[in-house]
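The values are calculated or read from the model by the stated rules, or taken from the named source; none is laboratory data. All values derive from a computational prediction rather than experimental measurement. All Cβ positions, even for glycine, are placed from backbone atoms using ideal geometry, and neighbour counts span all protein chains on display.
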Amino acid sequence: MLARTVSIAVLAASIVSCMAAPGATPRITPGTAGAPREVNVIAKEWTYLPPVVDLVPGETVVLHLVNGGTEVHEAVFGGADVQRAWEEAEAAVAGAGPGPTPAVSVPPAVAGLRVVVASGQRIDVIWTVPVDAPSAADYHVGCHIPGHYDQGMRVPVRWVGPDGRPIDSGAP
Ligand SMILES: [Cu+2]
């Protein structure tokens, strides 16, 4: 009985700490090659969770991309030029039958990071965030399976400094 009471108290305390500051950004510890930071991104129709993805330029993360929807989705990390390149490349195969996206490619300079994930699937990718990524215009996460981007399937990236705090307040 005591153990149950204690565990309920711990659960209550953790719920309270989660609710303490709605909207506040939890401070993060940048990942390294030896200790990548875990980043969870859930894709579904027609958005991602979390609604803003925090990244530190130059850090190494292990991205867990989970498809919680019923359609094939992807996560493309990159600036406006990268997003446009994938949108155009994948539009060229629009109308293909159901199933995984046909293999498409873009020039390496505008490839960014692209991970395709089937319904119910989780893919883990170890990725080092480019140090110069914040210099790209409108860096964000987007899905370019034909029609998905137009449905609003994109979320912003918020750049975080080595101290774990947001670099600026540009992102919501
Ligand atoms: Cu999608």
- Query: On the given criteria, is Ala136 over 29 Å from Ile28 (Cα atoms) and either touching a Pro at 6+ places or on another chain (Cβ under 9 Å) or more than 12 Å from the ligand (Cβ to nearest atom) (or both)?
  - Reply: no
- Could you tell me which numbered condition Gly97 fails, if it satisfies all but one of (1) at pLDDT 95 or above; (2) away from the ligand (no atom under 11 Å from the Cβ)? (1)
- Identify the single condition in (1) within 16 Å of the ligand (Cβ to nearest atom); (2) modelled with pLDDT of 95 or more; (3) crowded, with 18+ Cβ neighbours inside 10 Å that Ala85 does not satisfy, given that it satisfies every other one. (1)
- Query: When you look at Val66, is it modelled with pLDDT of 95 or more, closer than 23 Å to Ala136 by Cβ and surrounded by 15 or more Cβ atoms within 10 Å (Cβ to Cβ), yes or no?
  - Reply: no
- Scanning the stretch 114-172 for residues that are of a type in the set (Ser, Thr, Tyr) and outside any strand (DSSP E or B) gives Ser119, Ser135, Tyr139, Tyr149, Ser169
- Message: Consider the stretch 40-73. How many of its residues are within 12 Å of the ligand (Cβ to nearest atom) and in a loop (DSSP other than H, G, I, E, B)?
- Response: 7
- Note on the structure: Taking the stretch 100-124 and keeping only residues that are in contact (Cβ under 8 Å) with a residue 40 or more places away in the chain, at negative phi and surrounded by fewer than 17 Cβ atoms within 10 Å (Cβ to Cβ), one is left with Ala118, Ser119, Gln121, Arg122, Ile123, Asp124
